[in-house]
Amino acid sequence: TKFTKTGTINLTTETPVITATTQSDTFEIVLNDVTTTAANEDVIVYFMIAPIDLSDSELTATIHFADGTTREVEIVGKNLQAGKAYRFTTEIEANFYLDGVAYMSNAGVLSEIMSIEDMNTITSLKIIGKINGSDILTLHTMPALKYLDLSKVNIVSGGKAYTYEEKRDEDVPVYTENNVVGLNMFSSLELEKIDLPTDITAIGKCAFEDCQKLTSITIPANVTTISSYAFKNCYGLKSVIIEGDITSIGGGCFKGCEKLES
(Lines give C-alpha, C1' and ligand atoms only; values in the text may rest on other atoms or scores of the structure.)
Protein backbone atom coordinates (compact mmCIF):
# COMPACT_ATOMS: atom_id res chain seq x y z
CA THR A 1 0.00 0.00 0.00
CA LYS A 2 3.05 2.26 0.22
CA PHE A 3 5.84 3.25 -2.11
CA THR A 4 9.35 2.62 -0.85
CA LYS A 5 11.18 5.95 -0.84
CA THR A 6 14.46 4.67 0.62
CA GLY A 7 15.64 1.18 1.51
CA THR A 8 18.43 -1.34 1.57
CA ILE A 9 19.17 -4.37 -0.59
CA ASN A 10 21.54 -7.31 -0.10
CA LEU A 11 23.02 -7.98 -3.53
CA THR A 12 24.75 -11.18 -2.38
CA THR A 13 21.50 -13.10 -1.98
CA GLU A 14 20.13 -15.26 -4.75
CA THR A 15 16.90 -13.20 -5.00
CA PRO A 16 17.71 -9.68 -3.78
CA VAL A 17 14.78 -7.77 -2.30
CA ILE A 18 14.42 -4.19 -1.10
CA THR A 19 13.86 -3.68 2.60
CA ALA A 20 12.10 -0.35 3.08
CA THR A 21 13.40 2.17 5.57
CA THR A 22 10.96 4.96 4.62
CA GLN A 23 7.68 4.68 2.76
CA SER A 24 5.00 7.00 1.41
CA ASP A 25 1.70 6.78 -0.44
CA THR A 26 2.93 9.45 -2.86
CA PHE A 27 5.98 10.04 -4.98
CA GLU A 28 7.06 13.16 -6.83
CA ILE A 29 8.65 13.74 -10.21
CA VAL A 30 10.10 17.24 -10.34
CA LEU A 31 10.70 18.72 -13.79
CA ASN A 32 12.19 22.18 -13.51
CA ASP A 33 11.78 24.69 -16.36
CA VAL A 34 9.92 22.32 -18.65
CA THR A 35 8.07 24.15 -21.41
CA THR A 36 6.23 23.14 -24.56
CA THR A 37 6.58 24.84 -27.89
CA ALA A 38 3.02 24.50 -29.10
CA ALA A 39 -0.50 24.22 -27.77
CA ASN A 40 -1.70 20.69 -26.97
CA GLU A 41 1.81 19.25 -27.13
CA ASP A 42 2.41 16.02 -25.23
CA VAL A 43 4.87 15.88 -22.36
CA ILE A 44 6.40 12.43 -21.85
CA VAL A 45 7.81 11.57 -18.44
CA TYR A 46 9.85 8.42 -17.78
CA PHE A 47 10.45 6.95 -14.34
CA MET A 48 11.28 3.62 -12.74
CA ILE A 49 9.35 1.88 -9.99
CA ALA A 50 9.82 -1.42 -8.20
CA PRO A 51 7.45 -4.26 -9.25
CA ILE A 52 4.05 -3.82 -7.62
CA ASP A 53 0.49 -4.87 -8.38
CA LEU A 54 -1.61 -1.73 -8.75
CA SER A 55 -4.23 -3.33 -10.99
CA ASP A 56 -7.05 -2.75 -8.48
CA SER A 57 -5.91 0.73 -7.56
CA GLU A 58 -7.03 4.15 -8.68
CA LEU A 59 -4.08 6.50 -8.77
CA THR A 60 -4.28 10.28 -8.57
CA ALA A 61 -1.65 12.35 -10.32
CA THR A 62 -1.34 15.98 -9.26
CA ILE A 63 0.29 18.20 -11.88
CA HIS A 64 1.87 21.42 -10.58
CA PHE A 65 2.28 24.25 -13.07
CA ALA A 66 4.77 27.10 -12.93
CA ASP A 67 1.99 29.65 -12.41
CA GLY A 68 1.04 28.00 -9.11
CA THR A 69 -2.07 26.19 -10.35
CA THR A 70 -2.58 22.45 -10.07
CA ARG A 71 -4.66 19.84 -11.88
CA GLU A 72 -5.59 16.40 -10.58
CA VAL A 73 -6.13 13.51 -12.99
CA GLU A 74 -7.19 9.94 -12.28
CA ILE A 75 -5.09 7.05 -13.61
CA VAL A 76 -6.12 3.39 -13.64
CA GLY A 77 -3.51 1.18 -11.98
CA LYS A 78 -1.71 -1.73 -13.61
CA ASN A 79 0.22 -4.78 -12.47
CA LEU A 80 3.81 -3.59 -12.80
CA GLN A 81 6.05 -6.61 -13.32
CA ALA A 82 9.82 -6.86 -13.33
CA GLY A 83 11.55 -6.39 -16.67
CA LYS A 84 8.56 -4.84 -18.42
CA ALA A 85 7.66 -1.31 -19.45
CA TYR A 86 4.23 0.25 -18.98
CA ARG A 87 2.61 3.39 -20.27
CA PHE A 88 0.12 5.58 -18.45
CA THR A 89 -1.48 8.38 -20.43
CA THR A 90 -3.65 11.27 -19.39
CA GLU A 91 -4.90 14.51 -20.84
CA ILE A 92 -5.05 17.85 -19.07
CA GLU A 93 -7.56 20.47 -20.10
CA ALA A 94 -5.90 23.63 -21.37
CA ASN A 95 -8.66 25.72 -19.82
CA PHE A 96 -10.24 25.11 -16.45
CA TYR A 97 -12.24 26.78 -13.72
CA LEU A 98 -11.49 26.46 -10.02
CA ASP A 99 -12.89 28.27 -7.00
CA GLY A 100 -13.94 31.35 -8.91
CA VAL A 101 -10.69 31.55 -10.88
CA ALA A 102 -10.54 30.73 -14.59
CA TYR A 103 -7.25 29.63 -16.16
CA MET A 104 -6.98 29.87 -19.93
CA SER A 105 -4.26 28.73 -22.32
CA ASN A 106 -4.94 31.05 -25.24
CA ALA A 107 -8.24 32.83 -24.95
CA GLY A 108 -9.65 32.22 -28.41
CA VAL A 109 -12.53 30.08 -27.19
CA LEU A 110 -13.30 31.91 -23.98
CA SER A 111 -16.95 32.34 -24.78
CA GLU A 112 -17.33 28.70 -25.80
CA ILE A 113 -15.68 26.80 -22.97
CA MET A 114 -17.47 28.41 -20.05
CA SER A 115 -21.16 28.13 -19.27
CA ILE A 116 -23.16 31.30 -18.79
CA GLU A 117 -23.40 30.49 -15.08
CA ASP A 118 -19.63 30.21 -14.80
CA MET A 119 -19.16 33.47 -16.68
CA ASN A 120 -21.23 35.21 -14.02
CA THR A 121 -19.13 33.86 -11.14
CA ILE A 122 -15.59 34.29 -12.44
CA THR A 123 -13.75 36.64 -10.07
CA SER A 124 -10.22 36.13 -11.36
CA LEU A 125 -8.92 35.28 -14.81
CA LYS A 126 -5.41 34.27 -15.83
CA ILE A 127 -4.64 33.92 -19.53
CA ILE A 128 -1.46 32.42 -20.99
CA GLY A 129 -0.73 32.71 -24.70
CA LYS A 130 -2.33 34.98 -27.28
CA ILE A 131 -5.37 37.18 -27.03
CA ASN A 132 -7.29 39.04 -29.70
CA GLY A 133 -10.27 41.34 -30.15
CA SER A 134 -12.99 38.73 -29.84
CA ASP A 135 -11.44 37.47 -26.61
CA ILE A 136 -11.52 40.94 -25.08
CA LEU A 137 -15.24 41.19 -25.84
CA THR A 138 -15.85 38.16 -23.64
CA LEU A 139 -14.41 39.95 -20.62
CA HIS A 140 -17.39 42.27 -20.74
CA THR A 141 -19.68 39.30 -20.04
CA MET A 142 -17.99 38.63 -16.69
CA PRO A 143 -19.70 40.97 -14.21
CA ALA A 144 -17.88 39.54 -11.18
CA LEU A 145 -14.38 39.81 -12.68
CA LYS A 146 -12.11 41.68 -10.27
CA TYR A 147 -8.58 40.51 -11.12
CA LEU A 148 -7.22 40.00 -14.63
CA ASP A 149 -3.72 38.54 -15.10
CA LEU A 150 -2.39 39.09 -18.61
CA SER A 151 1.29 39.11 -17.67
CA LYS A 152 1.92 36.00 -19.82
CA VAL A 153 -0.10 37.22 -22.80
CA ASN A 154 0.93 38.32 -26.27
CA ILE A 155 -1.64 40.68 -27.76
CA VAL A 156 -2.43 39.95 -31.40
CA SER A 157 -3.73 42.74 -33.61
CA GLY A 158 -7.22 42.74 -34.96
CA GLY A 159 -10.46 44.65 -35.16
CA LYS A 160 -11.43 47.87 -36.87
CA ALA A 161 -9.60 51.15 -36.33
CA TYR A 162 -11.74 53.92 -34.88
CA THR A 163 -11.06 57.54 -34.11
CA TYR A 164 -11.98 58.65 -30.62
CA GLU A 165 -15.08 60.43 -31.93
CA GLU A 166 -16.25 57.41 -33.93
CA LYS A 167 -15.79 55.15 -30.95
CA ARG A 168 -18.35 57.06 -28.92
CA ASP A 169 -21.10 55.43 -30.99
CA GLU A 170 -19.71 51.92 -30.69
CA ASP A 171 -20.01 49.42 -27.90
CA VAL A 172 -17.01 47.17 -28.54
CA PRO A 173 -13.35 47.45 -27.53
CA VAL A 174 -11.01 47.39 -30.53
CA TYR A 175 -7.35 47.78 -31.41
CA THR A 176 -5.18 47.61 -34.51
CA GLU A 177 -1.56 46.94 -33.58
CA ASN A 178 0.36 44.03 -32.09
CA ASN A 179 1.28 44.36 -28.43
CA VAL A 180 -0.79 47.49 -27.88
CA VAL A 181 -3.56 47.91 -25.34
CA GLY A 182 -6.01 49.39 -27.78
CA LEU A 183 -8.85 51.84 -27.87
CA ASN A 184 -11.42 51.21 -25.10
CA MET A 185 -10.04 47.69 -24.65
CA PHE A 186 -10.87 47.44 -20.94
CA SER A 187 -13.23 50.38 -20.56
CA SER A 188 -16.02 50.13 -17.99
CA LEU A 189 -14.91 46.78 -16.56
CA GLU A 190 -15.35 46.29 -12.82
CA LEU A 191 -11.68 45.37 -12.42
CA GLU A 192 -9.90 46.11 -9.15
CA LYS A 193 -6.51 44.89 -10.39
CA ILE A 194 -4.90 44.03 -13.72
CA ASP A 195 -1.44 42.71 -14.57
CA LEU A 196 -0.63 43.89 -18.09
CA PRO A 197 1.37 41.95 -20.71
CA THR A 198 5.06 42.71 -20.25
CA ASP A 199 5.72 43.21 -23.96
CA ILE A 200 3.13 45.88 -24.74
CA THR A 201 4.55 49.11 -26.13
CA ALA A 202 1.59 51.50 -25.92
CA ILE A 203 -1.69 52.06 -24.12
CA GLY A 204 -4.39 53.38 -26.43
CA LYS A 205 -7.05 56.03 -26.06
CA CYS A 206 -9.65 55.42 -23.38
CA ALA A 207 -8.14 51.97 -22.75
CA PHE A 208 -9.29 51.94 -19.10
CA GLU A 209 -11.91 54.67 -19.20
CA ASP A 210 -14.57 54.29 -16.49
CA CYS A 211 -12.78 51.40 -14.74
CA GLN A 212 -14.00 52.97 -11.54
CA LYS A 213 -12.89 50.20 -9.16
CA LEU A 214 -9.30 50.02 -10.39
CA THR A 215 -7.07 51.12 -7.48
CA SER A 216 -3.54 50.76 -8.85
CA ILE A 217 -1.77 49.80 -12.04
CA THR A 218 1.80 49.10 -13.15
CA ILE A 219 2.81 50.24 -16.62
CA PRO A 220 5.34 47.68 -18.02
CA ALA A 221 8.85 48.77 -18.95
CA ASN A 222 8.38 48.51 -22.73
CA VAL A 223 5.55 51.03 -22.84
CA THR A 224 6.58 54.40 -24.30
CA THR A 225 3.18 55.94 -25.02
CA ILE A 226 0.07 56.43 -22.92
CA SER A 227 -2.65 57.93 -25.08
CA SER A 228 -5.35 60.48 -24.34
CA TYR A 229 -8.01 59.65 -21.75
CA ALA A 230 -6.40 56.27 -21.08
CA PHE A 231 -7.50 56.33 -17.43
CA LYS A 232 -10.31 58.85 -17.66
CA ASN A 233 -12.84 58.60 -14.83
CA CYS A 234 -10.95 55.88 -12.99
CA TYR A 235 -12.30 57.37 -9.78
CA GLY A 236 -10.76 54.73 -7.52
CA LEU A 237 -7.24 54.89 -8.98
CA LYS A 238 -4.75 55.77 -6.24
CA SER A 239 -1.33 54.90 -7.67
CA VAL A 240 0.36 54.41 -11.03
CA ILE A 241 3.78 52.76 -11.26
CA ILE A 242 5.71 53.43 -14.47
CA GLU A 243 8.57 50.97 -14.91
CA GLY A 244 10.08 52.30 -18.16
CA ASP A 245 10.70 55.52 -20.05
CA ILE A 246 7.45 57.14 -21.16
CA THR A 247 7.97 59.58 -24.03
CA SER A 248 4.35 60.67 -24.46
CA ILE A 249 1.31 61.05 -22.20
CA GLY A 250 -1.84 62.19 -23.97
CA GLY A 251 -4.17 64.93 -22.86
CA GLY A 252 -6.76 64.09 -20.23
CA CYS A 253 -4.96 60.82 -19.48
CA PHE A 254 -5.90 60.95 -15.79
CA LYS A 255 -8.93 63.21 -16.04
CA GLY A 256 -11.35 62.48 -13.22
CA CYS A 257 -8.86 60.40 -11.21
CA GLU A 258 -9.84 62.18 -8.02
CA LYS A 259 -8.08 59.79 -5.64
CA LEU A 260 -4.74 59.59 -7.45
CA GLU A 261 -2.02 60.02 -4.80
CA SER A 262 1.23 58.91 -6.45
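What are the residues whose amide H is under 5 Å from the amide H of Gly129, where those residues sit 5 or more places off or on another chain and H is modelled from the backbone?
Those qualifying (amide H under 5 Å, at least 5 residues apart or on another chain) are Asn106, Val153, Asn154.
Ordered by residue, what ³J(HN,Hα) values in Hz, to whole numbers, does region 250-257 give under the Karplus form 6.51 cos²θ - 1.76 cosθ + 1.60, where θ = phi - 60° and Gly and Pro are x?
My calculation for region 250-257 gives x, x, x, 3, 10, 4, x, 7 Hz in order.
Please give the length that would be gained between Ile241 and Asp56 if that part of the chain were fully extended, namely 0.36 nm times their separation in residues minus their C-alpha to C-alpha distance (nm, one decimal).
Numbers: separation 185, 0.36 × 185 = 66.60 nm, distance 5.66 nm.
That works out to 60.9 nm of additional length.
Let me understand region 183-260 better: what is its radius of gyration from the alpha carbons, and its Dmax, in angstrom?
Answer for region 183-260, Rg first and Dmax second: 11.0, 29 Å.
Residue by residue through region 138-151, which ³J(HN,Hα) values in whole Hz follow from phi under the Karplus form 6.51 cos²θ - 1.76 cosθ + 1.60 (θ = phi - 60°), with glycine and proline marked x?
Using θ = phi - 60°, the values come out as 5, 4, 7, 9, 10, x, 8, 5, 10, 10, 10, 9, 10, 4 Hz.
If you bin the C-alpha pair distances of region 8-88 every 5 Å from 0, what whole percents do you get?
Calculated P(r), rounded to whole percents: 3, 9, 16, 22, 18, 14, 10, 5, 3, 1, 0.
Please list, ordered by chain and number, the residues whose modelled amide H lies under 5 Å from the amide H of Lys5; skip anything fewer than 5 residues away on the same chain.
So Lys5 has HN proximity to Thr22, Gln23, Ser24.
Quick one: with all protein chains in place, what share of the accessible area of region 172-250 is carbon or sulfur, to the nearest percent (1.4 Å probe)?
Details: 1300 of 3070 Å².
The computed percentage sits at 42.
Hey, what do the phi angles of region 50-60 turn into as Karplus ³J(HN,Hα) couplings, whole Hz, using 6.51/-1.76/1.60 and θ = phi - 60°, x for Gly and Pro?
Result, rounded to whole Hz: 5, x, 7, 8, 10, 5, 9, 10, 10, 9, 10.
At a Förster distance of 35 Å, what's the computed FRET efficiency of Lys213 paired with Leu80, Cβ-Cβ distance as r, to 0.05? Please report the intermediate quantities before stating the final value.
Numbers: r = 54 Å, r/R0 = 1.55.
With a Förster radius of 35 Å, E is 0.05.
Taking amide hydrogens as modeled 1.01 Å from N in the peptide plane, which residues meet the under 5 Å criterion relative to Ser187, leaving out close sequence neighbours?
Under 5 Å from the amide H of Ser187 lie the amide H atoms of Glu209, each far enough along the sequence or on another chain.
Mind checking the full-extension length gain between Thr19 and Glu72? Use 0.36 nm per residue of separation minus the Cα-Cα distance, one decimal, nm.
Extra length from Thr19 to Glu72 when fully extended: 16.0 nm.
Under a crude label model (7 Å from the Cα following the beta-carbon direction), how far is Ser228 from Glu190 in nanometres?
3.2
Determine the per residue accessible area of region 181-262 with all protein chains present and a 1.4 angstrom probe, expressed in square angstrom. Don't skip to the answer; put the middle values down first.
Numbers: 3530 Å² over 82 residues.
Value returned for region 181-262: 43 Å² of accessible area per residue.
Is region 220-262 rounded, prolate or oblate when judged by the Cα gyration tensor, a ≥ b ≥ c being the square roots of its eigenvalues, rounded requiring a/c under 1.5 and prolate requiring a/b larger than b/c?
Numbers: a/c = 2.84, a/b = 1.45, b/c = 1.96.
Because a/c hits 1.5 or more and a/b fails to exceed b/c, region 220-262 counts as oblate.
The values are calculated or read from the model by the stated rules, or taken from the named source; none is laboratory data. Everything numeric here is computed off the predicted structure, so don't read it as measured data. As a convention, Cβ positions derive from the backbone with ideal geometry for all residues, glycine included, and neighbour counts pool all protein chains shown. All accessible areas refer to the heavy atoms of the entire protein, side chains included, with ligands and DNA or RNA removed. Shrake-Rupley method; radii C 1.70, N 1.55, O 1.52, S 1.80 Å.
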